[in-house]
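Accompanying notes for the structure given below.
The values are calculated or read from the model by the stated rules, or taken from the named source; none is laboratory data. None of the values given here were measured: they were computed from a predicted structure. Every residue, glycine as well, gets a Cβ built from its backbone with ideal geometry; the counts of neighbours run over all protein chains shown. Please note that ligands, DNA and RNA were not included when accessible areas were found on the heavy atoms of the full protein model with its side chains. Shrake-Rupley method; radii C 1.70, N 1.55, O 1.52, S 1.80 Å.
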Amino acid sequence: PEHMLCLQNGKFDAPDRMFTSVSDTWTSCLSNQADLKELIPEFYCGDGEFLTNMDGLDLGHRQNGERLNDVQLPAWARSPRDFV
């Protein structure tokens, strides 16, 4: 994270712009033609650890007050590994 923060002026992106929920992102892509997403290779292989905040980083709070942490997975996924 230190190297990424160097490229972002020492801050993470705005909390409301960060990837926080698979379901919300899916819905947004289906309903908004301007919302384009690109899947990174980690979505196709690995154990899904990229979906968890393993370092406990303070990612901020969304405008609705929700604290950002792990990505919210679909109900059918028992774990990040199961999702990937």
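Per-residue 3J(HN,Hα) values for region 22-34, derived from phi via the Karplus relation 6.51 cos²θ - 1.76 cosθ + 1.60 with θ = phi - 60°, read 5, 4, 4, 5, 4, 4, 5, 5, 6, 9, 10, 5, 7 Hz in sequence order (x marks Gly and Pro). Calculated mean residue ellipticity, 222 nm, the chain: -6000 deg cm²/dmol, from DSSP H runs (n ≥ 4) at -39500 (n - 2.57) each, averaged per residue and rounded to 500. Averaged over its residues, the chain has an accessible area of 79 Å² per residue, based on protein heavy atoms and a 1.4 Å probe.
Note that region 66-81 has calculated 3J(HN,Hα) couplings of 5, 7, 7, 8, 6, 5, 6, 8, x, 4, 6, 7, 6, 6, x, 4 Hz, one per residue in order, obtained from phi through the Karplus relation 6.51 cos²θ - 1.76 cosθ + 1.60 (θ = phi - 60°); glycine and proline are x.
Size of the chain: Rg and Dmax of its alpha carbons, in Å, are 13.6, 38. Under 5 Å from the amide H of Glu66 lies no amide H of any residue 5 or more positions distant or on a separate chain, with H modelled from the backbone and absent for Pro and chain starts. With a cut-off of at most 14 other beta carbons within 10 Å, and DSSP calling the residue loop, which GluC sites (Glu not before Pro) in region 13-58 qualify? Please list them. Passing both the DSSP loop test and the Cβ count: Glu38.
Give me the percent of accessible area attributable to carbon and sulfur for the chain, probe 1.4 angstrom. Carbon and sulfur atoms account for 52 percent of the accessible area of the chain. Around the amide H of Ser21, modelled in the peptide plane, lie the amide H atoms of Gln72, all under 5 Å away and 5 or more residues distant in sequence or on another chain. Karplus-based coupling profile of region 53-64, in residue order and whole Hz: 8, 5, 8, x, 5, 7, 8, x, 10, 6, 4, 7, with θ = phi - 60° in 6.51 cos²θ - 1.76 cosθ + 1.60 and x standing for Gly or Pro.
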